[in-house]
Amino acid sequence: MAVLEVSNLSKSFGGVDAVVDVSFHVEERSILGIIGPNGAGKSTVINLLTGLYRPLSGKVMYSGKDITGLSSHSVAQLGIGRTFQHTTSFPDMTALESVALAQIYLNKIGLWETLFRPSKVERWRAARLDNGYEALELVGLHDRANVKCKNLPHAEQVALDIAIAVATGARLLLLDEPAGGLNTSEIGRLMDVVRTLQDRGATIVMIEHHMALVMSICGRVVVLNDGRKIAEGSPKEIQENELVIDAYLGKDADRD
């Protein structure tokens, strides 16, 4: 069953085509990789899916619902979470505080409860902290919960961003270059986290330049170049596709 269906999606900026007629679908509990050279339109696609940009044309369906052009807030409420290429946590908050704050849109507490039912407010706050701690545990940061975000090394900040997305209750996770700046052992831990998320029922779309990661963890791969989809298939099919080799992988590339 397709959780996400993208049909003929297009976007331009100032007359320059960033995404042109891109279509793909993502099956439930699968991992889809989106690859391509810099400027290929990968992050623009993610921004279109999550409501940061409105498409010029095309349609985005999530779990059978048309979400084309919805606001980022509305998209998040439907169960779609994302990370960014640059970490987005609050530097002077602890990891746990950042994950708890990300759940603020789940707030069902009104002014009346805030003023006259403080016990309900406290229970809601405790639940958010418990949920946040579970998300940190899932990505291996349970022992770093009380460390300020600015004091976390880069690999742990990447994991924290994933925990923030998970804590919102997202069932579809869009990861924008999570392996950027990570060393080999850190990428190995990232792979473990992504596989754990998949095992727990998440569907994942991953933009990534690290080919060893993409080819080992993604069930299918979409390749973009100049805003257009030039190939889609299994990792093996993508590695053997002449168009992809010429546009991105290179004939002599080690593909790591």
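Determine, for THR83, THR68, the number of other Cβ atoms within 10 Å of each Cβ, and report the residues in order from fewest to most.
In increasing order of surrounding Cβ atoms, one gets THR68, THR83.
Percent antiparallel among DSSP beta bridges with both residues in the chain, to the nearest 5?
Antiparallel bridges make up about 55 percent of those DSSP assigns within the chain.
Quick one: longest stretch of the chain between exposed loop trypsin sites (Lys or Arg not before Pro), exposed meaning at most 12 other C-beta atoms within 10 Å and loop per DSSP?
Segment 1-107 is the longest.
With runs of 4+ DSSP H residues as the only contributors, calculate the mean residue ellipticity of the chain at 222 nm using -39,500 (n - 2.57) per run, divided by the residue total and rounded to the nearest 500.
Computed mean residue ellipticity for the chain: -10500 deg cm²/dmol.
Return the inverse of the average 1/r over all pairs of distinct C-alpha atoms in the chain, which is the Kirkwood hydrodynamic radius, in Å to one decimal.
After inverting the pairwise mean of 1/r, the radius is 19.1 Å.
Spin-label point model (7 Å from Cα, Cβ direction): what's the SER234 to GLU137 distance in nm?
Spacing of the two 7 Å Cα→Cβ label points: 3.8 nm.
Compute, for region 1-109, the length of the dipole vector about the Cα centre, with Cβ point charges of +1 (Lys, Arg) and -1 (Asp, Glu) only. Units Debye, rounded to 20.
I would put it at about 140 debye.
Relative to the present Cα-Cα distance, how much length would full extension add between SER72 and HIS209 at 0.36 nm per residue of separation?
Numbers: separation 137, 0.36 × 137 = 49.32 nm, distance 2.53 nm.
Between SER72 and HIS209, full extension yields an extra 46.8 nm.
Say a site is exposed when it is one of the GluC sites (Glu not before Pro), sits in a DSSP loop, and has at most 16 other Cβ atoms within 10 Å; what is then the longest site-free stretch of the chain?
Maximal segment without exposed cleavage sites: 29-239.
Set Lys and Arg Cβ to +1 and Asp and Glu Cβ to -1, take the dipole of the chain about its Cα centre, and tell me which of VAL75, VAL16, VAL244 lies farthest positive.
It is VAL75.
Read the figures in this text as sums done on the coordinates, not as results from a lab. All figures in this text were calculated on a predicted structure; none of them were measured in a lab. When we count neighbours, we look across all protein chains shown, and the Cβ atoms used for this are built from the backbone with ideal geometry, even at glycine.
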